[in-house]
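The values are calculated or read from the model by the stated rules, or taken from the named source; none is laboratory data. Predicted, not measured: the structure shown is a model, and the values here were computed from it. Methodologically, a virtual Cβ is constructed for each residue, glycine included, from the backbone with ideal geometry; neighbour enumeration extends over all protein chains shown. Heavy atoms of the whole protein, side chains included, go into the accessibility calculation; ligands, DNA and RNA do not. Shrake-Rupley method; radii C 1.70, N 1.55, O 1.52, S 1.80 Å.
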Amino acid sequence: LQQLSAFPCATVPKMTSKSVPRVFMRSICTAVVSKASNVSTEVNPRLAALVRGHVARAGVRATNLQNFLPPSSFALRGIHINALKPSDGFAKRHNSPMLGNETELMVEAVGFKSLDELIDATVPKEIRRKGMMDLGKYSEPLTESEFIKMFKTMASKNKIFKSYIGMGYYNTHVPPVILRNLLENPGWYTQYTPYQAEIAQGRLESLFNFQTMISDLTGMPMSNSSLLDEGTAAAEAMTMCSGIARGKKPKFLVSDLCHPQTIEVCATRADGLGLELIVANHEEFDFSGNDVCGVLLQYPATNGSLIDYSDVVAKTKAAQGKVVMACDLLALTMTKSAGECGADIAIGSAQRFGVPMGYGGPHAAFLATSHAYKRQLPGRIIGLSVDAEGKPALRMAMQTREQHIRRDKATSNICTAQALLANISAMYAVYHGPEGLKQIAQRVHGLASMVAIGATKLGHQAPSQPFFDTVTLHVGTGKAGTVVAAAAEHGCNLRMMDDSHVSIALDETTELADVDQLFTILALGKKVDFTAASLAAEVPDEMTPAFKRESPFLQQSIFNMYHSEHEMLRYLKRLESRDLSLCHSMIALGSCTMKLNGTTEMMPITWPELANIHPFAPLDQCKGYLEMFDDLAAQLCTITGFDAMSLQPNSGATGEYAGLMAIRAYHHSRGDHQRDVCIIPVSAHGTNPASAAMCGMKIVVVGTDALGNISIPEVKAAAEKYKDTLAALMVTYPSTHGVYEDGIDEICNTIHEFGGQVYMDGANMNAQVGLTSPGLIGADVCHLNLHKTFCIPHGGGGPRRGPLR
């Protein structure tokens, strides 16, 4: 190029392109190329450009240099295949791309010559991963456009059937103004938990609205600001009942008319707490033993019936027990509140208030109770206070960071919530207001009544008890399977209760045409000589008087102001502007690894193929989800170095609990029922001892050295002392203060030597990926906080997912 720059252009005669012999141009270019050192016969773009410039200055058009060159002198350079691939790579947009030598400068500032040298000095060589992780078909990264195409193909394998399954999960209309400006808005889904009230007044107001909504609808004096799901809320209520009884009443009764998934969660939790869970007909149960701490009742029942629980409520209270009611929020706009029915605690899910089913979650649950039990209430509570200038101000009140203060004495191990989903449900109530919610409920109830009337005309037996939105029909002995199969042929899912009964749950999205389709299904091929519309005159317009709600609800001004879209939009933006989110700045918190989730990652959550699938839909309708689960499980196993994993836990706290229960079950399977001691360093997350206590384990605390690292001599001494009863060690790695402690492999080996298992808290897994792994370190069980290590947004305190390996 230097030689070309020195080419004596002045000696080139002035002439037009027509007068330039082709051989002359070829000789110029050939001469230049042959004189340039180390120039291949491949055309160099920069060289060609310079040649064109010199020739142009000579008055010659040289737009196509190859016209002047002999084929033998040099050939066109072939393009690299990577240049033909999509250029919208994820990493360069989302992994904090460095400008210039910023990485080198940061590494140099901490005393190292390279990033590799820093890693070598930080991660103990005994636990370093060797080689690259094999992620199978995902080993080569996808660009953003490739991911969307691939994921859309995967999601399309799900079949969207009209769901009438119910069981606490319903189709719902997400108001577009809330969908776009809250659920899909990083100004709402990227904030941190509102511990710092002065930068969280927007979310705190919305969560305060949620609490007010729950308190009003349930008829209870106070509520928390959401829990993880309805099953977990029921289990927490059961724990409350036991705590209120100070552990002196070892039994808890669950009505057999509760949702089956709720019963299963309570059974697991009762096992760890040492409670005897009794699932029975609540009307026939004998309370004379005076040993029942509480009763769980479903309202309405899982079969849809509205039941007068006054008798069992009276018996429970006479036996000094507490009554827990699992409620449906939409039903409570028409039916008596749980408080009016005599409940001490009300729990349930807010899903049908504007949150898609999403194959089971995440959704915001709730737990409401009286002031007498506020100290036993799990989860977060938002309170109204005053600031330094005497102005109203909101802040997190009781239970804030409770686990880190009370540790194994904490009310619950749950240190999180479903804030984003609670905000959606709260805004749904704000947008519709009390009259709008009542109108939706009356319409759903009317359509359900229409189904019952039509089914009766078709020869089926409708329920004799009152109902709200779910109708259980006797369709003939042994014919339930046939009806369910007929529904599937029409793209609908019904719930099969037994071989003679099917259940049909209607919701906000049901229309008259859907009811006509249900009549066609129930007719089993026979002609239907009536329509849904023709039955309207027979449908009652009020709830059954015995259950009709007379008490007002949501009379506060906030629920009666923002019913137009522009007012709602302004309200959402006003609250958003009071918060600090990743839209405004970095949030430098190591504990939750705050990051701006890629829009590409967030887009699929509202796709109908993913959002509108019922969690109990037949598996052949969920092939996209199943493929996703299998692929994710395989990748997480490779990343963690474990053999198997579960996606069930829906937060880090439940991941901890599930992991410890797995270790407990392992010991029990070997006949080691006496192994119940859990060693926990004093530096551990506060949820660790709270989780161990929930599993019925005895906690032994070990200290740290002068640098804050786990004291290995203390671990060895404790392990040897409790060698016959040692169940587990709980450890966070890197540590809670961000250090890759030396000797972690020695600690794991010590626990194994004395018969225990190692539970690794995956809170800091983001610092392990690719460098080491829990399995390589020596852990036996680990949970991951996917909102920390991967792509679930923090949501201002939820949603969460804590899969277990």
Both in Å, the radius of gyration and Dmax of the C-alpha trace of the stretch 288-400 are 17.1, 57
With only alpha-carbon atoms counted, please give the Rg and Dmax of the stretch 660-805, in Å.
-> 14.8, 44
Express the carbon and sulfur contribution to the solvent-accessible surface of the stretch 235-386 as a percent, rounded to the nearest whole number, probe 1.4 angstrom.
-> 47 percent
Calculated FRET efficiency, residue 372 and residue 160, Cβ-Cβ r, R0 60 Å, to nearest 0.05?
-> 0.85
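Full extension from residue 81 to residue 180: what is 0.36 nm times the residue separation minus their Cα-Cα distance, to one decimal in nm? Spell out each step's value before the answer.
Numbers: separation 99, 0.36 × 99 = 35.64 nm, distance 3.89 nm.
Taking residue 81 through residue 180 to full extension adds about 31.7 nm, to one decimal.
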With axes computed from alpha carbons, what is the tilt in degrees of helix 22-35 against the longest principal axis of the chain, rounded to the nearest 10 within 0 to 90?
-> 80 degrees
Would you please give the FRET efficiency between residue 530 and residue 435, computed as 1/(1 + (r/R0)^6) with r the Cβ-Cβ distance and R0 = 22 Å, to the nearest 0.05?
-> 0.10
Under a 1.4 Å probe, counting only protein heavy atoms, residue 502 has an accessible area in Å², nearest 10, of 0 Å²
Any chance you could get the radius of gyration and Dmax over the Cα atoms of the stretch 679-732, in Å?
-> 10.9, 32
Sorted from largest down, give the three principal axis spans of the alpha carbons of the stretch 741-794, whole angstrom values.
-> 40, 19, 14
Diagonalise the Cα gyration tensor of the stretch 169-326 and give the resulting equivalent ellipsoid semi-axes, square root of 5 times each eigenvalue, largest first, whole Å.
-> 34, 18, 15
Can you flag which of 157/438; 479/527; 251/548; 251/374 are past 25 Å Cα-Cα?
-> 157/438; 251/548
Would you rank 251, 92, 721 by solvent-accessible area, highest first, keeping every protein chain in place and using a 1.4 Å probe?
-> 721, 92, 251
What is the distance, in nm, between label points placed 7 Å from the Cα along the Cα-to-Cβ direction at residue 248 and at residue 393?
-> 4.3 nm
Size of the stretch 599-638 as Cα extents on the principal axes (Å, biggest first) | 30, 29, 12
So what is the accessible area of the chain per residue, in Å², with the probe set to 1.4 Å?
-> 44 Å²
At 222 nm, what helix-only mean residue ellipticity would the chain give, in deg cm²/dmol to the nearest 500, using -39500 (n - 2.57) for each DSSP H run of four or more?
-> -10500 deg cm²/dmol
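Just to be sure I understand: if I project the alpha-carbon convex hull of the chain onto a plane and average over all orientations, what area do I get in nm²?
Numbers: hull surface 190.5 nm².
Taking a quarter of the hull surface, the average projection is 47.6 nm².
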Once the Cα gyration tensor of the stretch 471-557 is diagonalised, semi-axes √(5λ) in Å | 30, 17, 14
Expressed in angstrom and rounded, the centroid-to-centroid distance over alpha carbons for the stretch 103-173 and the stretch 258-327 is 43 Å
Taking the Cα-to-Cβ direction at residue 724 and at residue 314 and moving 7 Å from each Cα, how far apart do the two end points lie in nm?
-> 5.4 nm
Over the stretch 156-231, what number does the Rg to Rh ratio reach, with both radii from the alpha-carbon atoms and Rh per Kirkwood?
-> 1.04
Classified through the alpha carbon gyration tensor (a ≥ b ≥ c as square roots of its eigenvalues; rounded if a/c is under 1.5, else prolate when a/b is larger than b/c, else oblate), the stretch 538-652 comes out oblate
Multiply the residue gap between residue 443 and residue 268 by 0.36 nm, knock off their C-alpha separation, and tell me the result in nm, one decimal place.
-> 59.2 nm
How many percent of Cα pairs in the stretch 625-721 exceed 22 Å?
-> 46 percent
